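Trainee: Below is a structure I'd like to ask you about.
We did not get these values from a lab; they are worked out from the coordinates using the rules stated. Just so we're clear, the structure is a prediction, and the values are computed from it rather than from any experiment. Neighbour counts run over all protein chains shown; Cβ positions are idealised from the backbone, glycine included.
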Amino acid sequence: MIRSLDNDTLLGLWERMARIRAFETRVGEIAAAKEVAGYLHTYSGQEAVACGVIPLLRDDDWFTSTYRNHGHAIARDIPLDEIAGEIYGKVTGVCGGKGGSMHVADQSRGMIGGMGIVAGGLPIATGAALASKYLGRDSVAVAFFGDGAVHQGAWHEALEFASLFQCPVVFVCENNLYAETTAVDYHLLAGSVSAMTGPYQIPSVQIDGMDVFAVRAATAAAFERARTGNGPSLIEAMTYRYGGQYEGDTQTYKPPTEVAYWRGQDPLLRFRSDTATRLGMATLDAIEQSVQVEVDAAFTAAEAAPWPDISEVTTDVYTPIA
Ligand SMILES: Cc1ncc(C[n+]2csc(CCOP(=O)(O)OP(=O)(O)O)c2C)c(N)n1
Ligand SMILES: [Mg+2]
């Protein structure tokens, strides 16, 4: 896979992964400093999933996300000012500050949005995929979700419907081993999410979600399948969140040996070791420094930006009935 990618593509993947890590590290700092209200959920550790999938989306494709959505937005190249502004609830936010951290959405870029409701995105992405099929297009929709989503009825309804109507949707599970504080060893009766698609006749694959190239290869195959009228599929990317369920979670439920193992699988370190000879460490370091400058500027701007005016309180919240 690496050999088939040109240097610009490789550097683009690195830049996005490094940008997510720097951004989420800063989110952790502003959470600790209590600079913004509400829960913040970070994506550090899972960068290879967003960056393996999202750059393969076309402009006319769609995806849904979860409350852990900053990484997905960054991988879709939504400007950092707009994401940071949204987290702060400021007018510069991509939703004018009304969505907040959990609801980053930008329909102009195919990001239907982050959802606070576990499994909420699967039926919506399936609907977008049905629309594509109905209109005779070959665009696809992706639903990102966590391992905990399989306990929701909506997860099963979406798979059933997508298979029955052969919708061009790709279900991407980010199995980070925990649903809140509950380990998959306890909550996932089937042993894996990929093992649960058989009754729905949906092909599935479990992959190394810390390897951006493995994610990209699985995604390319799933998109090809969906675009050529062969229906839905599911990718289960095995990954790990380095933060808590939310910022401030003490994470006492994580065994230290497990944390150490997954730190060793850091997707950024894996990328470096896979590409350093070809791209050069100095080039990778320089990109990390430049994205840090971008992140610093975005958070400074968000902090300084104005709040939405009180007159805007119902705009974009309620639909006027004619
Ligand atoms: C329908 C619903 N039930 C419960 C919750 C509370 N809740 C928030 S996060 C979460 C765990 C989800 O875990 P997972 O799907 O594995 O996602 P992760 O946080 O690991 O990315 C739960 C149960 C919710 N948001 N929505
Ligand atoms: Mg999880």
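Trainee: Determine if the range 129-142 includes at least one residue that is under 16 Å from residue 75 (Cβ atoms) and within 16 Å of ligand 2 (Cβ to nearest atom).
Mentor: no
Trainee: Pull out all pairs, ordered by first then second residue, where Cβ-Cβ is under 6 Å, the residues are six or more apart or on different chains, the first lies in the range 247-268 and is under 25 Å from residue 18 (Cβ atoms) and touching a residue at least 24 places away in the same chain (Cβ under 8 Å), and the second is surrounded by 17 or more Cβ atoms within 10 Å (Cβ to Cβ) and of a type in the set (A, V, I, L, M, F, W, C).
Mentor: Correct list of pairs: 247/31; 247/40; 265/210; 267/48; 267/210; 268/17.
Trainee: Among the candidates 42, 64, 92, single out the residue that is more than 28 Å from residue 180 (Cα to Cα) and among the hydroxyl-bearing types (Ser, Thr, Tyr). Give the derivation first.
Mentor: Working: 42 fails: more than 28 Å from residue 180 (Cα to Cα); 64 fails: more than 28 Å from residue 180 (Cα to Cα).
None of the others qualify; the one that does is 92.
Trainee: Something else now. Go through the range 148-197 and give me each residue that's buried (at least 23 other Cβ atoms within 10 Å of the Cβ) and in a loop (DSSP other than H, G, I, E, B).
Mentor: Across the range 148-197, the qualifying residues are 167, 168, 176, 193.
Trainee: Just to confirm my filter: which helices (runs of 4 or more DSSP H) fall fully inside the range 16-95 and include at least 3 residues that are in contact (Cβ under 8 Å) with a residue 60 or more places away in the chain? Step through it out loud before you land on a result.
Mentor: Numbers: elements: 47-53, 70-75, 80-88.
Helices (runs of 4 or more DSSP H) meeting the threshold: 47-53, 80-88.
Trainee: Next up: Does the range 277-284 include one or more residues that are within 15 Å of residue 16 (Cα to Cα), of a type in the set (Gly, Ala, Ser) and surrounded by 10 or more Cβ atoms within 10 Å (Cβ to Cβ)?
Mentor: Applying the first criterion (within 15 Å of residue 16 (Cα to Cα)) to the range 277-284 yields 283-284.
After this cut, where a residue has to be of a type in the set (Gly, Ala, Ser) as well, the list is none.
So far as the range 277-284 goes, no, none of its residues is within 15 Å of residue 16 (Cα to Cα), of a type in the set (Gly, Ala, Ser) and surrounded by 10 or more Cβ atoms within 10 Å (Cβ to Cβ).
Trainee: Restricting to the range 138-191, and then to whatever is in contact with a helix residue (DSSP H, G or I) (Cβ under 6 Å, 6 or more places away or on another chain) and among the polar types (S, T, N, Q), can you tell me which residue is farthest from ligand 1 (Cβ to nearest atom)?
Mentor: Looking at the filtered set, the residue picked out is 139.
Trainee: Quick one: count up the residues across the range 231-269 that are on the phi > 0 side of the Ramachandran plot and within 16 Å of ligand 1 (Cβ to nearest atom).
Mentor: Initially, the range 231-269 is screened for residues on the phi > 0 side of the Ramachandran plot, giving 231, 248, 251.
Imposing the further condition that a residue be within 16 Å of ligand 1 (Cβ to nearest atom) reduces the set to 248, 251.
The number of residues fulfilling the criteria is 2.
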